[in-house]
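Chemist: Here's a structure for you.
Rule-based calculations on the coordinates, nothing more; no lab input. Treat the numbers as computed from the prediction; the structure is a model and nothing was measured. Cβ atoms come from the backbone with ideal geometry, glycine included; neighbour counts cover every protein chain shown.
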Amino acid sequence: MHILSDDILVESYELALQLKLDPEFVQLLLDEMHRRSLSSEVNRVGA
């Protein structure tokens with residue numbers, strides 16, 4: 001997933017949640033966000 005910028009990854013995650021996409025896909029995005037240490041972005045989205 002290195003092709004996606006951090007911003008696009010976060011936007012993709014937000015959109016995936018809004019569209020209620022496959023939970024496995026959402027989890028892949030979330031795992032990558034954690035791997036990139038974007039936990040503050042995860043918290044912002046989850047708020």
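Chemist: Read phi for every residue in the stretch 20-28 and hand back ³J(HN,Hα) as whole Hz from Karplus 6.51 cos²θ - 1.76 cosθ + 1.60, θ = phi - 60°, with x for Gly and Pro.
Modeler: 6, 6, 3, x, 5, 5, 4, 5, 4
Chemist: Shifting gears a bit: Quick one: work out Rg over Rh on the C-alpha atoms of the chain, Rh as Kirkwood radius. Write out the running numbers ahead of the final one.
Modeler: Values: Rg = 9.6 Å, Rh = 10.5 Å.
Result for the chain is an Rg/Rh of 0.92.
Chemist: Considering only Leu28, Ser12, Ser40, whose Cα is most displaced toward the positive end of the charge dipole of the stretch 6-46, charges sitting on Cβ of Lys, Arg (+1) and Asp, Glu (-1)?
Modeler: Of the options given, the answer is Ser40.
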